[in-house]
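What follows is a set of notes on a single structure, which appears directly below.
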Amino acid sequence: MIVALYRASANETTFMLKHILTASENPMTVITMRRISTSFPPPLQRELRELIRPQELAVQRYVPEEPDDFIDETAVMEIKPKRPARQKKMDNSRIIYLHGLESNSQSGKARQFAEQFPGMVTPDFTGEFEERMKQLKPILGRKKNWTIIGSSFGGLMGTVFTCKHPTQVRKLILLAPALLRDPSALILIWKLFLFQPSLSTGREMTSSR
């Protein structure tokens, strides 16, 4: 995907990657970029070489603490049992599945998700991309903490919505997303990432094939 972006617009792609690497506080961003950089064009590798170079780790020397001069052997330590942490119940009404271009809410994947998470939202979408995004907007509204599961064309819809409204999305799960279907949409997504630093530093995004 990065190579396709670089071929479409080398300067914008280089600037965008440098911005992500310098703005990110997550060390995995640099590690991941270093791992995939071997597939980048040589000019792009040279531009990013210093930013993805491994950093030396500081070694802290262990200094043992000195024992106390007096130890009261008669003292009894009271140990209170730990209470099990309460697990927060997930609100399935904040889970939505976005189907692919030729699919619908009755597909095999949609039914499996609905069985696993009763009460989740599985709407139907029709028309071209812009029309589908208009249909999605009133469904999500201004509610927050959405978990969006997007398959194929629905993955593109979920990604664009998350880029535009990052504060409304708790987690984005992509199943074989059609991000390369439209090069202009792909460039839009990267530009949105560039102007939304939280997406590259703190927001959890999961891709699954």
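The helices (runs of 4 or more DSSP H) found entirely in the range 1-49 that carry 1 or more residues being in contact (Cβ under 8 Å) with a residue 12 or more places away in the chain and over 23 Å from Pro177 (Cβ atoms) are 10-23, 27-36, 42-48.
For every residue, the table says whether it meets (1) under 27 Å from Met1 (Cα atoms); (2) under 23 Å from the mean Cα position of the chain (by Cα); (3) surrounded by 15 or more Cβ atoms within 10 Å (Cβ to Cβ).
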residue: Ile96; (1), (2), (3): yes, yes, yes
residue: Pro118; (1), (2), (3): no, no, no
residue: Val121; (1), (2), (3): no, yes, yes
residue: Phe129; (1), (2), (3): yes, yes, yes
residue: Asn145; (1), (2), (3): no, yes, no
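Only one entry of Arg142, Arg170, Arg86 meets the criterion of being at pLDDT below 95, in contact with a strand residue (DSSP E or B) (Cβ under 6 Å, 6 or more places away or on another chain) and more than 30 Å from Ser9 (Cα to Cα), and that entry is Arg170.
Within the range 110-138, take every residue that is of a type in the set (Val, Ile, Thr) and in a loop (DSSP other than H, G, I, E, B) and give me the one that is farthest from Thr162 (Cα to Cα). Only one residue fits best here, namely Thr126.
The values are calculated or read from the model by the stated rules, or taken from the named source; none is laboratory data. No experiment lies behind these values; they were computed from the predicted model shown. All Cβ positions, glycine included, derive from the backbone under ideal geometry; neighbour counts span all protein chains shown.
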